Amino acid sequence: MNLQNLISASITFSYDDADIGSKFSKFWSWFWPLALAFIWKLVVVLVIFFVGKKLINLLLKLVKKGFEKTKVEEGVSGFIGSVLNVILYFLLVMIIANVVGIATTSAVALVGSVGLTVGMALQGSLSNFAGGVLILVLKPFVVGDYVVAQGLEGTVTKIDLFYTTILTTDNRTVVMPNGALSNGNIVNVTHEPVRRLDLIVPIGYGDDIRQVKAILLGIADHHAERILQDRDIAVMVGDFGDDAVEIAFRVWVKKEDYWALRSDLLEDIKYTFDEQHITIPFHQLDVFMKTN
């Protein structure tokens, strides 16, 4: 290779090297700000994620402790905790997406429309679920209580998130939807440890009211071991009926003694009235036939 060719190659090399350096400089001036912005956003996203995760865990722990203090059923607390966990992480993802610059309007609208569709399709089930949560949280009754609701009565044997099961006195199992149950009147017969036992005792208009009151007080003394003595025992005229004078007989008993004592009192009243010749009137119709 002669001297002229060497000089030409050297000039060509120098020109190419300078061109590459210029292109690299332009690329670097374009890439470096983008890289810095990406690194900054990545740092911000990581900080938001880890701080948000810590806050979510802290909030879930506080909710869990609140459930434990209020003695909420384990199934309800677990379900609510899971739903709250999903909602909070969804909100965290939406916040991160907004920071990155991703539009979340369409995603929120999609989630809303899906939720509305599912809610419309499962309206009855969601109503029962909400009723079950209210029953398990507020506890108007618990398993073992005797309740009167929706025209039925019996002992509660099971409370689920969607249905409550009661056992009637004639041994029938009734499954009641919690939605209707939570929106209606509920009479919890056995919630309190003591109950008032009310009896209406009819007597004839010709019978001595003072004698009847003494007889009923004597019957109450006969069952003193099951009648609470620290509560008033009431014997009074309740009303004047069409066929009888109605005597109100009221005593207080423990809830577990209610039905047995009621039966025993009625039996003793009948036998004692028969012995003392006290009339227990009953509806009757007198027909008079007139002949010419």
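The values are calculated or read from the model by the stated rules, or taken from the named source; none is laboratory data. All values reported here derive from a predicted model rather than from experimental measurement. Note that we place each Cβ from the backbone using ideal geometry, even for glycine, and neighbour counts take in every protein chain shown. All accessible areas refer to the heavy atoms of the entire protein, side chains included, with ligands and DNA or RNA removed. Shrake-Rupley method; radii C 1.70, N 1.55, O 1.52, S 1.80 Å.
Which condition number in (1) outside any helix (DSSP H, G or I); (2) surrounded by 10 or more Cβ atoms within 10 Å (Cβ to Cβ); (3) aliphatic (A, V, I, L, M) is the one that Ile269 fails? Of (1) outside any helix (DSSP H, G or I); (2) surrounded by 10 or more Cβ atoms within 10 Å (Cβ to Cβ); (3) aliphatic (A, V, I, L, M), only one is false for Ile269: (1). With respect to (1) part of a helix (DSSP H, G or I); (2) modelled with pLDDT of 95 or more, the lone exception for Phe249 is condition (1).
Looking across Val174, Val114, one residue alone is out of contact with any helix residue (DSSP H, G or I) (no Cβ under 9 Å at 6 or more places or on another chain) and either at pLDDT below 75 or under 30 Å from Phe38 (Cβ atoms) (or both). It is Val114. Which ones in the stretch 200-222 are under 13 Å from Ile278 (Cβ atoms), open to solvent by less than 40 Å² (accessible area, probe 1.4 Å) and part of a helix (DSSP H, G or I)? Within the stretch 200-222, Val212, Ile215, Leu216, Gly218, Ile219 meet the criteria.
Among the residues of the stretch 140-164, the ones that are among the β-branched types (Val, Ile, Thr) and in contact with an Asp or Glu (Cβ under 9 Å, 6 or more places away or on another chain) come to 4 in all. Against the definition (of a type in the set (Phe, Trp, Tyr), surrounded by fewer than 15 Cβ atoms within 10 Å (Cβ to Cβ), in a helix (DSSP H, G or I) and modelled with pLDDT of 90 or more), how does Tyr258 come out, yes or no? Spelling it out, it is not the case that Tyr258 is of a type in the set (Phe, Trp, Tyr), surrounded by fewer than 15 Cβ atoms within 10 Å (Cβ to Cβ), in a helix (DSSP H, G or I) and modelled with pLDDT of 90 or more. Taking Glu225, is it assigned to a loop (DSSP other than H, G, I, E, B), closer than 25 Å to Thr70 by Cβ and open to solvent by 80 Å² or more (accessible area, probe 1.4 Å)? For Glu225, the condition - assigned to a loop (DSSP other than H, G, I, E, B), closer than 25 Å to Thr70 by Cβ and open to solvent by 80 Å² or more (accessible area, probe 1.4 Å) - is not met. Take the conditions open to solvent by 40 Å² or more (accessible area, probe 1.4 Å), modelled with pLDDT of 90 or more, touching a His at 6+ places or on another chain (Cβ under 9 Å) and not in a loop (DSSP other than H, G, I, E, B) and apply them to Asp264. Does it pass? Considered against the rule, which asks whether it is open to solvent by 40 Å² or more (accessible area, probe 1.4 Å), modelled with pLDDT of 90 or more, touching a His at 6+ places or on another chain (Cβ under 9 Å) and not in a loop (DSSP other than H, G, I, E, B), Asp264 comes out as yes. Search the stretch 83-93 for residues being at pLDDT 80 or above and not aromatic (Phe, Trp, Tyr), and hand back the single one that is least open to solvent (accessible area, probe 1.4 Å). Ranking the qualifying residues of the stretch 83-93, first place goes to Leu92. Does Arg250 count as among the basic types (Lys, Arg) and touching a helix residue (DSSP H, G or I) at 6+ places or on another chain (Cβ under 8 Å)? Considered against the rule, which asks whether it is among the basic types (Lys, Arg) and touching a helix residue (DSSP H, G or I) at 6+ places or on another chain (Cβ under 8 Å), Arg250 comes out as no.
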